[in-house]
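Since the structure comes first, as structure tokens, the remarks are kept for the end.
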Amino acid sequence: MAQDKAEDLALLTATVAGQPAGEPPKRADQFLAKRQRRVAYGILAPGGVYLLIAFIVPLIIVVYTSLQTGGLLSGGYTFTWAFDNYADAFSSSKIFIIRAVVYAGLATLIGILLAYPMAYWIAFYAGKWKSTLFFLILVPFFVSFVIRTVQWNFILADDGVLFGPLKTIGLLPDDFRVLASPVAVVAGLTYNFLPFTALPLYVALERIDKRLVEAAKDLYASRFEAFRKVVLPLSYPGLFAALVLSFVPATGDYVNSGVLGSNRTTMVGQVIQTKFLTEADYPEAAALSVILMLGMLVIALAYAKALGTEDAALAAGAA
Amino acid sequence: MSATALDRATTEAPPLRTKRKRWTSYILPVFTIAMIVYLASPVFIMIVFSFNDIAGQRQIADFTCCTLNWWSEMFAIPALNESVKTSILVAIPAAIVATALGTLIGLVLGRYGFRGRGATNFVIFLAIAIPEIVLASSLLSMFVLGKTPIGYGTILFSHIGFAIAFVAITVRARVQGLDRSLENAAQDLFATPFQAFTKVTLPLILPGIVAGFLLAFVLSLDDFVITNFVGGAVNTFPTWVYGATRIGVPPQVNVWGTILFSAGLLTAGLNLVASFRANRRAEAAAASASATLRGPSAA
């Protein structure tokens, strides 16, 4: 056993150092597989450990924090299995959770309606312009998310570059305003999460074998039928990815509501932020985060089951 | 000779269906262009408004052409300078460390079968799909529980953490697209595994590593939510701008935004060109390698 280990270690160091790995063993294949596995764990270790400390452990600790009671003034928080925190958090923030889900859902839906025709046209008809057009779509996202949102604040302003001229020529009433309304927040969310819908849709549509569409047409399908019966079903993975990748982050967002909305558009993200950073009410803020996380986990598991983790991560990575 | 003749034959063959251009065929391209304009509009506004000739110190919705005032006074706000400096001082080391760690993960995931591979893939997927606010509050919970002093260190630690997953999938995609026979060929030609890795594998996946590094850098530079939670009193560029929206954003923000945007665009463009060239080089190398391998058997 110990000798076995030592041998493997020697092999691993040899492999890493680049020396030929001793004499070939008898059951070479088995041995190679084992060695490969050891090597794999060795290479995986540093990054894996970091992910453990910076990702997995915090997720456990936030659950732990969500079950604490006490107060900063009364000597800090202690762990007491306080499941009441969840009931309290949910009942006091129900409206903000519902609002976040509705806004994020609307933004995702509008985002898909906008991104699908664009992704479809680029994937099927743009020919040699494909990459260039797609690059143009991504260019704006080299500007920080916060700054883009701040600029929308100026575009949508009551007398800004968009509505100012329309009011001057009388197309809009003078008291027309979008800023500080749910419309502005949904518009901001739609804009900011559009690449997360466009990318997976484009990737899915681009993969479709164009000859299938030709075949459908040869079999007397109209253009619309060919789209509905061939292209659309084949793009479902992309649609699903777009749905998840836009809806999940949009639900937790607080920048759009903070910059473009008012206190009547408060979303659950803002509540978590205020409780954590201003009120230092860690347990309830943590409980709200865990609620969001569980919702997201359910969606992610459904997603991974439907697509497989690798495809899912690929689509996510594309975004 | 025959190849060119064939080419001509295929290009000159009449299309199976002659398409009549109806007005409906212009709907989608026009829509796509409109979408590109829509997506670019805030960037356009940012650049134009960095030249806005206004009296006050805060950006307003009206545009008056034009002044270079804000460009010449880009350093006039010390807190803003400090935040840009912090952003860069976080993004560079975060991208370097995340690239090193993420590349190793991506290499293993793209290459080896091992127990726990599915789980690792799932963790990577979660790390990318998780709403930022959940990760942010989790990290802050950990720092509060561990009584960790909040500031530059916690920002850097957190940025490395979330960037690793993005580097890993970028590199993994590149490793999976790799032709394994090239590496096998190198080993057949008596290269040690280490030589095969450094001389064949590494150059081939280098564009993926560079892309991962750039992605990590941009993500770190752009991050708002996590920095907002774990930064305490330390501001990066995005968190400073967000704080400034309450009282009004100074036009210098547009100047800095334009500079960072141009730098990002330039780097991405250069990487695109470099990866295109690397692909061509790799193809040429593969062609000559297969020619060498085929050589003796043909002779």
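Every read-out reported here was derived from the displayed coordinates using simple, explicitly stated rules and does not represent laboratory data. None of the values given here were measured: they were computed from a predicted structure. With ideal geometry, Cβ positions are generated from the backbone for all residues, glycine too; neighbour counts draw on all protein chains shown.
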Can you give the convex hull volume per residue for the Cα atoms of segment B:224-291, as a whole number of Å³?
110 Å³
Taking the Cα of B:F44, stepping 7 Å toward and past its beta carbon, and measuring to each backbone N in segment A:153-178: which are under 18 Å?
A:153-157, A:160-167
Label points 7 Å out from Cα along the Cβ direction at A:L219 and B:V37: separation in nm?
4.1 nm
With +1 at each Lys and Arg Cβ and -1 at each Asp and Glu Cβ, the charge dipole magnitude of the protein assembly as shown around its Cα centre, to the nearest 20 debye, comes out at 1860 debye
So if I place +1 on the C-beta of Lys and Arg and -1 on the C-beta of Asp and Glu, and nothing else carries charge, what would the dipole magnitude of chain A be about its Cα centre? I want it in debye, nearest 20.
900 debye
Specify the residue with the greatest mean-square fluctuation among B:F49, B:F229, B:F276, computed from a Gaussian network of chain B linking alpha-carbon atoms under 10 Å apart.
B:F276
For A:I43, what is the net charge nearby, where nearby means another residue's Cβ is under 12 Å from its Cβ and Lys, Arg count +1, Asp, Glu -1?
+3
Which three extents, in whole angstrom, do the alpha-carbon atoms of segment B:138-257 cover along their principal axes, largest first?
67, 39, 18
If the chain between A:Q36 and A:W129 were fully stretched, how many nm would it gain, using 0.36 nm times the residue separation less the Cα-Cα distance?
29.2 nm
Could you give the dipole magnitude of segment B:78-288 about its Cα centre, charging the beta-carbon of Lys and Arg +1 and that of Asp and Glu -1, in debye to the nearest 20?
280 debye
P(r) of chain B over all Cα-Cα pairs, binned every 10 Å from zero, in whole percent
5, 18, 23, 22, 17, 10, 4, 1, 0
The Cα extents of segment A:128-199 along the principal axes, largest first and rounded to whole Å, are 45, 25, 18
Within a Cβ distance under 15 Å of B:S83, other residues only, what is the Lys/Arg minus Asp/Glu net charge?
-2
Hey, if you put +1 on the Cβ of every Lys and Arg and -1 on every Asp and Glu Cβ in segment A:85-318, which of A:L194, A:V183, A:I98 ends up farthest toward the positive end of that dipole?
A:L194
Could you calculate, for segment B:20-152, the ratio of the Cα radius of gyration to the Kirkwood radius, expressed as Rg to Rh?
1.13
A:N263 to A:D84: extension gain in nm, 0.36 nm per residue of separation minus the Cα-Cα distance?
61.7 nm
As a test of understanding, state the convex hull volume per residue of chain A from its alpha carbons, in Å³.
249 Å³
Computed FRET efficiency, Cβ-Cβ of B:I247 and A:T274, R0 25 Å: what is it to the nearest 0.05?
0.85
Which whole-number percent of Cα pairs in the protein assembly as shown have a distance greater than 31 Å?
58 percent
Which value in deg cm²/dmol, rounded to the nearest 500, describes the helix-derived mean residue ellipticity at 222 nm for chain B, given -39,500 (n - 2.57) per DSSP H run of n ≥ 4 and division by the residue count?
-24500 deg cm²/dmol
Say R0 is 60 Å: what FRET efficiency, to the nearest 0.05, do B:R281 and A:I98 get from their beta-carbon distance?
0.60
So, R0 is 60 Å and r is the distance between the beta-carbons of A:T69 and B:T198; what FRET efficiency does that work out to, to 0.05?
0.60
Spin-label model distance (nm) - B:L266 vs B:W71, 7 Å beyond Cα toward Cβ
1.4 nm
Note to self, chain A gives a 222 nm [θ] from helices alone (DSSP H runs n ≥ 4, -39500 (n - 2.57) apiece, / all residues, nearest 500) of -22500 deg cm²/dmol
